[in-house]
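Structure, as structure tokens:
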Amino acid sequence: MQVVFTGEKQAGFIGLLTLLSQRHEILGVATRDPYIREFSGETGLRCSASIHEALDTLPACDLLVSVHGREMVTGEELQRPRLGGINVHPCLYRYKGARPVARLIADGETRASVGCHVMTAVLDAGPVLSEVFIEIPDVSKRSEAEVYNILYPLYPRVLIESIRIMQQKGR
């Protein structure tokens, strides 16, 4: 599958590595993350600072994949990839939008997840493709980084499953 990727931080890096491990063709990477930018350059991936700068690759791609992407993608932009876009998001079932893990900790909610949904013009509102849940004991005593470290192993599983679902829909 031909993919344009956008993502930031550790989760974004995990998402990009997952796509590469599954042998998807990455047509472009949009990120401001210095580590992802450096890795992209070292591996010969075309990289830009903004998904909007990467628009010329979108018409040719099958799917836009966002893993902790920081930019809003318009409805018009989502129509360019053949299958649209997907977004991987922690705690999607309850904490849409920014800082989901911080809100999970503040609420003392021990049920956490990593989910993936179809991107729409409305932030985090598209249909959920896949979501894996995990219990995190003593969540209120943990830092955001500790909770993310527990969630990171779920990201590849959710991303791989969600792309499989999108491929089946696109046939």
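Worth pointing out:
- Near pairs, Cβ below 7 angstrom, 6+ apart or cross-chain, from the range 120-131 (farther than 13 Å from Leu78 by Cα) to any residue that is hydroxyl-bearing (Ser, Thr, Tyr): Leu129/Ser162; Ser130/Ser162; Glu131/Tyr93; Glu131/Ser113
- Where Met119 falls short, out of the listed (1) touching a helix residue (DSSP H, G or I) at 6+ places or on another chain (Cβ under 7 Å); (2) under 17 Å from Ala145 (Cα atoms): (2)
- Residue check, Arg111 exposed (fewer than 15 other Cβ atoms within 10 Å of the Cβ) and within 20 Å of Gln10 (Cβ to Cβ): no
- Screening Val3 against (1) outside any loop (DSSP other than H, G, I, E, B); (2) modelled with pLDDT under 95; (3) surrounded by 19 or more Cβ atoms within 10 Å (Cβ to Cβ); (4) in contact with an Asp or Glu (Cβ under 8 Å, 6 or more places away or on another chain) leaves a single unmet condition, (2).
- Residue that is surrounded by the most Cβ atoms within 10 Å (Cβ to Cβ), among those in the range 85-108 that are within 20 Å of Gln167 (Cα to Cα) and touching a residue at least 40 places away in the same chain (Cβ under 8 Å): Val88
- Given (1) surrounded by fewer than 21 Cβ atoms within 10 Å (Cβ to Cβ); (2) in contact with a helix residue (DSSP H, G or I) (Cβ under 6 Å, 6 or more places away or on another chain); (3) within 27 Å of Gly84 (Cβ to Cβ), number of the condition Pro127 does not satisfy: (2)
The values are calculated or read from the model by the stated rules, or taken from the named source; none is laboratory data. Please read all numbers here as calculations on a predicted model, not as lab measurements. Glycine also receives a Cβ, built like all others from the backbone with ideal geometry; neighbour counts cover every protein chain displayed.
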